[in-house]
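One structure below.
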Amino acid sequence: MEHLRPALLLTGFFVVVTGLAFPVAIWGIGSVTFPSQAKGSLIRDAHGAVIGSALIGQAFAKPEYFHPRPSAAGTGYDAANSSGTNLGPTSDKLIHGIPDDPATKDVDESYAGFVDLAKAYRAENGLAPDTVIPADAATRSASGLDPDISPANAELQVARVAKARGLAPEQVQTIVAANTTGRTLGVFGEPRVNVLGLNLALDSFE
């Protein structure tokens, strides 16, 4: 009993401090200093409905929208199944993929490799077969949820988006520039374009 009482008191103390007080304090500070980030960096439409998060990518396939980088998270951009391919840079599967087998309906049989993704990217954007494209145009991110693309990636999609929307390429380029974020503190990371934010800006422009 001599040792049990202090052990119970210390356990109770740390449960209250680390399990309740500290999380509540951090939540409160975050809600006051970074209200948007603390609530998931949610993006809402003109009616206030949540349509996504600035932190999680979404699939866009229509020609009038900018497309994100490929995703290996579940069936694509699945926040409950965040993951990369776990394939090494010399993996033949990563580079050449696995083609569809017409003799089977197993959807897991096929896998689009870098060569396939690059070919599809060039085709959908009307680029020559030997056009050099940025890495993020045909590679999957480690999380599979990357919401951003590089400015170079966005630039190669401008002509397609402009044509689909009946806009001048210069107009679309201006919108891209307005939605390009530079390096954090001018040093960390790379310039980037949030795909959802850019597509919303395009819809608002029209």
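Points worth noting:
- Greater than 24 Å apart at Cα, pairs in LYS39/LYS62; LYS62/LYS93; LYS62/LYS163: LYS39/LYS62; LYS62/LYS93
- Using alpha-carbon coordinates, inclination of helix 151-165 to the longest axis of the chain, degrees: 60 degrees
- Where labels lie 7 Å past Cα in the beta-carbon direction, separation of THR180 and VAL50 in nm: 3.2 nm
- From least to most packed, judged by other beta carbons within 10 angstrom and beginning with the fewest, HIS67, HIS96, HIS47 follow the order HIS47, HIS96, HIS67.
- 3J(HN,Hα) from dihedral phi, segment 121-130, Karplus parametrisation 6.51/-1.76/1.60, rounded to Hz, x for glycine, proline: 4, 5, 5, 6, 9, x, 9, 5, x, 9
- Cα-Cα P(r), segment 59-99, percent of pairs per 5 Å interval: 5, 20, 17, 22, 21, 11, 3
- Segment 161-206-segment 1-50 distance, computed between alpha-carbon centres (Å): 36 Å
- Rounded FRET efficiency, nearest 0.05, which uses the C-beta distance separating ALA120 from THR90 and R0 of 30 Å: 0.85
- Exposure proxy order (Cβ contacts within 10 Å, fewest to most) of ASP116, ASP45, ASP148: ASP45, ASP116, ASP148
- Whole-percent pair-distance distribution, where bins are 10 Å wide, for the alpha carbons of the chain: 7, 25, 29, 18, 10, 6, 3, 1, 0
- Signed unit charges on C-beta, dipole axis of the chain, positive-most listed residue LEU20, THR139, LEU117: LEU20
- Cut-off 12 Å between beta-carbons: net charge of the residues surrounding LEU87, Lys and Arg +1, Asp and Glu -1: +1
- The chain, relative contact order in percent, only Cα pairs under 8 angstrom and at least six apart counted: 19 percent
- Calculated P(r) tail over 18 Å for segment 1-119, as whole % of Cα pairs: 73 percent
- Charged neighbours of ARG160, selected by a Cβ distance under 10 Å, balance to 0 (K, R count +1; D, E count -1).
- Counting only Cβ charges, +1 for Lys and Arg and -1 for Asp and Glu, the dipole size of segment 29-135 around its Cα centre is about 520 debye.
- Inter-probe distance in nm under a simple model that places probes 7 Å from Cα toward Cβ, at LEU20 and ILE98: 5.2 nm
- Within a Gaussian network of the chain (alpha carbon springs, distance under 10 Å), most fluctuating of PHE66, PHE34, PHE13: PHE13
- Exposure proxy ranking, count of Cβ atoms within 10 Å, fewest first, for LEU145, LEU4: LEU4, LEU145
- Of THR11, THR131, THR139, the one that fluctuates the most in a GNM where the chain has Cα springs shorter than 10 Å: THR11
Every number in this text was worked out from the coordinates using simple rules, so none of it is lab data. As the structure is a computational prediction, the values presented were derived from the model and not from experiment. All Cβ positions, glycine included, derive from the backbone under ideal geometry; neighbour counts span all protein chains shown.
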